[in-house]
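Structure, as structure tokens:
The values are calculated or read from the model by the stated rules, or taken from the named source; none is laboratory data. Since this is a predicted model, take the numbers as computed values, not measurements. For neighbour counting, all protein chains shown are included, and Cβ atoms are generated from backbone atoms with ideal geometry for every residue, glycine included.
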Amino acid sequence: MKREGERTGVFTRRALLLMGGQVSVLGLLGARLYQVQVNEGARYTTLANENRISARMVAPPRGRILDRYGTVIGGNITNWRAIMMVEQSNNIAGTLDTFANLLSLSDWERSRIERELHRRRKYIPILLREFLSWDEMALIEVNAPDLPGIVVDSGTTRHYPFGQKLAHVVGYVAPPNEADVADDPLLALPGLRIGRSGMEKYHDVAMRGRAGALQLEVNAVGRVIRELDREEGIPGEDVSLTIDAGLQGAVLNMMGDESASAVVMDCRNGEVLAMATNPSFDPSVFNSGVSETQWLEWTKDKRTPLINKATSGLYAPGSTFKMAVALAGLEAKAITPGDRIDCPGYLDLGDTRFHCWRKGGHGMLDLRGGLKNSCDVYFYEVARRVGVDHIAAMSNRMGLGVELELDLPGQRVGLVPTREWRISRGHAWNMGDTIVSGIGQGYIQVTPLQLATYVSRLASGRMVQPHLTRSIAGVVQPGAQADDWPVIGLPDKMLHTVREGMWAVVNEQGGTAPLAKLADPTMQLAGKTGSAQVRRVSREMRESGNFDSEKLPWEYRPHALFVAYAPYDSPRYALSVVIEHGNAGAAAAAPLAQAIMTETLRRDPANRTDALPRQMAEVGR
Amino acid sequence: MMDRRLWREPSFDIMAKILQIIWIYVLLLCALAAVGYTALYSAAGGAPEPYATRHALRFAFGLVLALAISLVDIRWIAKLAWPAWIGGVALLVLVLRMGHVGKGAQRWLELGGLQLQPSELMKLALVLALASWFHRASWERMGNPLFLIPPIIATLIPVGLILKEPNLGTATITALLGGCIFFAAGVRWWKFLLVILPIPLLARVAYSHLHDYQRARIDTFMHPESDPLGAGYNIIQSKIALGSGGMWGKGFLQGTQGHLDFLPEKQTDFIFTMIGEEFGLVGGLAVMTLLAFIILGGMLIALRCRHQFGRLVALGIACNFFLYVFVNIAMVMGAIPVGGVPLPLVSHGGSAMLTVMVGFGILLSVHVHRDVEFPPARDRY
């Protein structure tokens, strides 16, 4: 029994020791619990909130683009898309596999998604697929349990009701690239587009708006439990253009299949009412991605549908340049309006002979006659007298060969050569170069928009700049009034002389462009033809006598040009027309110009005689 | 006088036995189960289904079982000790051969719709077997190293089998449990030192032989933030849940971590986190106090018992419960590597509840039969 007592004693001691150990271990756990829950409580509370609260940015609707009468030419339509909340899926690869199987995602799409997964921040959802059909949406919704983190949401996408008719003006939007996103995190939102050309690009920031923020309570797999807070974004601003969408459409219809461009401007303030380029492309294609075949088709077309010929097409102005030469001569006092110059059909300079377009010559001509007949020899002589530098200075002043203050990206500057320019390139300037400059050939290259600007300045006497923006968010931009533009600083009489010549071109018996005469007897159009050779006509071809541009292959034919303004007595609209490889300006471009001007005048809201029905006019009286 | 004699009888009246059950201890168990019911009600998002009702039914069944066992004569139970040990080892072998694989380990046996975790039963059987072995040992014999060899083998065989499943956590708990009984039985201090001292060295060797998932557990325990979405996720989310609970908690059914599913396995391993989030430090400490009462109550039952078998069994069961509690709570607080050990009577889960209640049944039986004549077998020396 003694032994038994000893054993019991040992047990009791050791059991008490164990109890002490257990109590102290539990005490330590309690202390640890105190440390986690009380000492570090605040930190963990923050973490718990970070867990459950998911902040999301809400993409603002992009501002619309309107024409001058408020017609929507670039708007938004609903776009159903599948997006993935990365933070809500714990098996991203698996979920993507399931999604890829359901909607047959291409490898290309898959690699894009993976690229985005890689670089996007966690809180920014990733766009999986856009423009979902009803069937695809149903497929996603039915399989929602297998697609944690994937939701269908309605975004907006860009829609261009006028499609290719305004493609080059409106431009297009495309998904932003990584460099864009680095500048503005808003762009990382799925489906957000950035303007890539045209007005979409120029006014991109104004139309983009500001993102809203959404605070959502989510669970561990990302299901939204409730909305905690919502801050609405600010929609992008609407931009109203000076463009008349109806006129633009009409102009494009008139162009048919020709590779052509035309610009209609309000010559008093530089507002561009129409800027047509034919052929064109459908800008909404860029929204969803351009297919390779489509791209090849565009790039292989000799008529260059992707290039805005109005601002980026460079052409020799040909005879349309003669008004600038005349003004240069008048201003430099090298000629007077009454000076008569004899045209025997050619001008000899040393052993080089420069021909007039009319084989027999025009005889004695004053300035008015020179313009009316578009006599080459007359302007060879003027150019010879005044010198190329004066011509260049005057043309730059009229808007030719200089950068215009245009609010459309991508304009080209062109060139009106000077001696200095030629010498800086290591060549001597020859008198022959001056002489061909007199008829707008040689090194001179201008854009149709520059031609329209040139005629506007000629007609209005103001230094108007072409522009497409009329108002942003309802605020009319400066430049809408004629008084916003400085006067050109040439004597009115001088301008008038030249205008008179242009009037005679169209309205006088024997003028070169009778086809441009307006049908409406109350209004008159003043204009000037032009043909721009695309390659040098050799002496042999000319002397062999069988030179006929009609028989040349299309791409060697000269461009047909026409510039005009109307009404003659009270100038309001200026236009320029270029038909690529259209041969003679008088035959091809003048009738188109006449049709465009007729439509422009018909659409003029001030043109009461034509626009108001008879009864209303009588009521008014 | 009559009464005392009565208890020494081999079998005494059923009614008398029922009166000897410590009802206050039963009440403590019921309180703990009620805590479990509350927590599981919350874990289901404020509904009795699917956890809480089943938990209550299982506890009710377990309680009836425990009360029935408490009336079984402890000497009878002692006779079952070694058969139980053999049965436990057999089941462990069976689970290695045809067990269900979970988390890279074979742990469960499917027995007629019941999930059986043999390692849980084994711990109970080991306690009985060791208690039965040491029951007949005098203080002198305890000093004889040869006498210690059979119980050491009896401990190492199940520990080895559990390690092979592989289930490092339970194997460690089983080994520690065996150690507690050896200690209480009076094995000399220096022998313990002999075993404990080389452990750090062995641990290093063992680490290189561990499974990847076990190594990952230890690594993430050391640096949980290094892998916030992988293996460290559980620990981080659990600490966030506990910490955000603060002093008073977010309130019943208001825990965001639990209800928004950030907390993994909240109805099983991380049920204590759930309680800590919703009831704060106050609630957590209250539950820990309740658990401490149950543990210490078991130890007191051991101290009160008059025979070595009962003493060792009661101590073993109390220590087993303590180890459960310690591993689970330390785990959810990120104090030890995650081990997949539930909080007994609180966590959702059938087989653990059953074995724990069988254990408490035996514990109660020890107390009912604390004074019975249970002489050690004749000393052969």
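At-a-glance table
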quantity: Helices (runs of 4 or more DSSP H) wholly inside the stretch A:244-329 that include at least 3 residues being out of contact with any strand residue (DSSP E or B) (no Cβ under 7 Å at 6 or more places or on another chain) and without any contact (Cβ under 8 Å) to a residue 12 or more places away in the chain; calculated: A:292-300
quantity: Tally, over the stretch B:279-338, of residues that are in contact (Cβ under 8 Å) with a residue 24 or more places away in the chain and not in a helix (DSSP H, G or I); calculated: 8
quantity: Helices (runs of 4 or more DSSP H) within the stretch A:100-179 that include 2 or more residues farther than 30 Å from A:Ala310 by Cα and touching a helix residue (DSSP H, G or I) at 6+ places or on another chain (Cβ under 7 Å); calculated: A:107-119, A:134-142
quantity: Single residue of the stretch A:39-56 satisfying the filter (more than 8 Å from chain B (Cβ to nearest Cβ) and in contact (Cβ under 8 Å) with a residue 24 or more places away in the chain) that is nearest to B:Gln237 (Cα to Cα); calculated: A:Ile53
quantity: The stretch A:24-34, residues that are surrounded by 14 or more Cβ atoms within 10 Å (Cβ to Cβ) and more than 7 Å from every other protein chain (Cβ to nearest Cβ); calculated: none
quantity: Pick from the stretch B:254-303, criterion surrounded by fewer than 23 Cβ atoms within 10 Å (Cβ to Cβ) and on the phi > 0 side of the Ramachandran plot, ranking: farthest from the other protein chains (Cβ to nearest Cβ); calculated: B:Glu265
quantity: Tally, over the stretch A:76-93, of residues that are free of Cβ contacts under 8 Å to residues at least 60 places away in the same chain and under 25 Å from A:Glu217 (Cβ atoms); calculated: 2
quantity: Filter result for A:Leu408 (aliphatic (A, V, I, L, M) and touching a strand residue (DSSP E or B) at 6+ places or on another chain (Cβ under 6 Å)); calculated: no
quantity: Check on A:Gly70, crowded, with 19+ Cβ neighbours inside 10 Å, farther than 30 Å from A:Asp135 by Cα, more than 7 Å from chain B (Cβ to nearest Cβ) and in contact (Cβ under 8 Å) with a residue 12 or more places away in the chain; calculated: no
quantity: Positions within the stretch A:187-204 being touching a strand residue (DSSP E or B) at 6+ places or on another chain (Cβ under 7 Å) and touching a residue at least 40 places away in the same chain (Cβ under 8 Å), in sequence order; calculated: A:Leu189, A:Pro190, A:Gly191, A:Arg193, A:Arg196, A:Met199, A:Glu200, A:Lys201, A:His203
quantity: Residue count for the stretch B:141-180, restricted to those that are within 28 Å of A:Glu6 (Cβ to Cβ) and out of contact with any Lys or Arg (no Cβ under 7 Å at 6 or more places or on another chain); calculated: 18
quantity: Answer from A:Gly249, A:Gly209, A:Gly236 - the residue that is modelled with pLDDT of 80 or more, touching a helix residue (DSSP H, G or I) at 6+ places or on another chain (Cβ under 6 Å) and in the same structural domain as A:Ala167 (by TED's automatic domain parsing); calculated: A:Gly236
quantity: Qualifying position, being closer than 30 Å to A:Gln411 by Cβ, of a type in the set (A, V, I, L, M) and touching an Asp or Glu at 6+ places or on another chain (Cβ under 9 Å), among A:Ile194, A:Ile126; calculated: A:Ile194
quantity: Filtered residues of the stretch A:466-484 (kept if in contact with a helix residue (DSSP H, G or I) (Cβ under 7 Å, 6 or more places away or on another chain) and at pLDDT 90 or above); calculated: A:Pro466, A:Leu468, A:Ile472
quantity: Any hit, the stretch A:605-619, residues being at pLDDT below 90, exposed (fewer than 13 other Cβ atoms within 10 Å of the Cβ), among the small types (Gly, Ala, Ser) and assigned to a helix (DSSP H, G or I); calculated: yes
quantity: Members of the stretch B:235-253 that are surrounded by 24 or more Cβ atoms within 10 Å (Cβ to Cβ) and facing another protein chain (nearest Cβ under 9 Å); calculated: B:Gln237, B:Ile240, B:Ala241, B:Leu242, B:Gly243, B:Ser244, B:Gly245
quantity: So A:Val10, is it more than 11 Å from chain B (Cβ to nearest Cβ) and modelled with pLDDT under 90; calculated: no
quantity: Pairs with Cβ under 6 Å, 6+ apart, first in the stretch B:126-142 and more than 8 Å from every other protein chain (Cβ to nearest Cβ) and surrounded by 19 or more Cβ atoms within 10 Å (Cβ to Cβ), second of a type in the set (S, T, N, Q) and part of a loop (DSSP other than H, G, I, E, B); calculated: none
quantity: Matching residues, the stretch A:53-68, being at pLDDT 80 or above and not aliphatic (A, V, I, L, M); calculated: A:Pro60, A:Pro61, A:Arg62, A:Gly63, A:Arg64, A:Asp67, A:Arg68
quantity: First in the stretch A:395-410 and charged (D, E, K, R), second anywhere and in a loop (DSSP other than H, G, I, E, B), Cβ under 6 Å, 6 or more apart; calculated: A:Glu403/A:Val413; A:Glu405/A:Gln465; A:Asp407/A:Leu468
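Residue-by-condition table, conditions (1) of a type in the set (Val, Ile, Thr); (2) assigned by TED's automatic domain parsing to the domain that holds A:Leu451; (3) modelled with pLDDT of 90 or more; (4) buried (at least 23 other Cβ atoms within 10 Å of the Cβ):
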{"position": "A:Val506", "(1), (2), (3), (4)": "yes, yes, yes, yes"}
{"position": "A:Val534", "(1), (2), (3), (4)": "yes, yes, no, no"}
{"position": "A:Asp548", "(1), (2), (3), (4)": "no, yes, no, no"}
{"position": "A:Ala560", "(1), (2), (3), (4)": "no, yes, yes, yes"}
{"position": "A:Tyr565", "(1), (2), (3), (4)": "no, yes, yes, yes"}
{"position": "A:Ser570", "(1), (2), (3), (4)": "no, yes, no, no"}
{"position": "A:Pro591", "(1), (2), (3), (4)": "no, yes, yes, no"}
{"position": "A:Met597", "(1), (2), (3), (4)": "no, yes, yes, yes"}
{"position": "A:Arg603", "(1), (2), (3), (4)": "no, yes, no, no"}
